[in-house]
1. Looking at 207, 110, 164 in this structure, which one is under 15 Å from the mean Cα position of the chain (by Cα), closer than 30 Å to residue 72 by Cα and surrounded by fewer than 22 Cβ atoms within 10 Å (Cβ to Cβ)?
2. Starting from residues that are out of contact with any helix residue (DSSP H, G or I) (no Cβ under 7 Å at 6 or more places or on another chain) and closer than 13 Å to residue 83 by Cβ, keep the ones in segment 183-204 and report whichever is surrounded by the most Cβ atoms within 10 Å (Cβ to Cβ).
3. Based on this model, can you work out whether residue 42 counts as surrounded by 14 or more Cβ atoms within 10 Å (Cβ to Cβ), touching a helix residue (DSSP H, G or I) at 6+ places or on another chain (Cβ under 6 Å) and under 19 Å from residue 75 (Cα atoms)?
4. Looking at segment 54-95, which of its residues are farther than 23 Å from residue 30 by Cβ, surrounded by fewer than 21 Cβ atoms within 10 Å (Cβ to Cβ) and in contact with a strand residue (DSSP E or B) (Cβ under 7 Å, 6 or more places away or on another chain)?
5. Could you list all residues from segment 134-188 that are assigned to a loop (DSSP other than H, G, I, E, B) and without any contact (Cβ under 8 Å) to a residue 40 or more places away in the chain?
6. Cβ contacts < 7 Å: first residue on the phi > 0 side of the Ramachandran plot and in contact (Cβ under 8 Å) with a residue 12 or more places away in the chain, restricted to segment 64-82; second residue surrounded by fewer than 22 Cβ atoms within 10 Å (Cβ to Cβ) and not in a strand (DSSP E or B), any location; separation 6+ or different chain. Result?
7. Please count how many residues of segment 112-133 are free of Cβ contacts under 8 Å to residues at least 40 places away in the same chain, part of a loop (DSSP other than H, G, I, E, B) and over 19 Å from residue 193 (Cα atoms).
8. How about segment 133-159: which of its residues are more than 22 Å from residue 109 (Cβ to Cβ), at pLDDT 95 or above and in contact with a strand residue (DSSP E or B) (Cβ under 7 Å, 6 or more places away or on another chain)?
């Protein structure tokens, strides 16, 4: 049965309260669940994640029923998907933070920030930062200026240029968003990004 429900996958590894509050503020028909059956009627899926790569990947691997339905809905049925923070990092082949393979939906891998000592840049990168959209999509436009909230120590590298949606600067330029057809990944936290996050979620629930 079809619906217009935006389903947030509950793996127990994110701040789901902030995510659900933001979705409710923009009028989404939103559901937080770890029930694979409820994902089968989702119109779109959000996968948040906070903590280490292996911890979040393990939580997904420990629920093969969830992973199977997510892959069916996203890769075969092509419904809109959003990965947030570590949820974005899982889209790649893996991370030097851990040993588990990622989903490998997006070309590239995850590597820790590393800067010369003279730059005196703390890791993790935390706080507000400008996000530069590099292509026009349903969620971000090159004509608009964006600022989002970040909290991360790792970054995507070796990404296919066609899959890079946005970049930001911290010491040097890093990839802050990726896209591949119906799949979006955001290194920042839209649920903590006030009006910019609200606009992003509003656009997401409209696709």
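1. On inspection, the qualifying residue turns out to be 164.
2. Ranking the candidates gives 188 first.
3. No.
4. 93, 94
5. Answer for segment 134-188, where residues must be assigned to a loop (DSSP other than H, G, I, E, B) and without any contact (Cβ under 8 Å) to a residue 40 or more places away in the chain: 134, 136, 141, 142, 143, 144, 145.
6. From residues that are on the phi > 0 side of the Ramachandran plot and in contact (Cβ under 8 Å) with a residue 12 or more places away in the chain, the pairs are 78/181; 78/182.
7. Going through segment 112-133 one residue at a time, the tally reaches 5.
8. Matches in segment 133-159: 133, 137, 139, 140, 146, 147, 148, 149.
The values are calculated or read from the model by the stated rules, or taken from the named source; none is laboratory data. From a predicted model like this one, the values you see are computed outputs, not experimental measurements. Quick reminder, even Gly has a Cβ in these numbers, built from the backbone with ideal geometry, and neighbours come from all protein chains shown.
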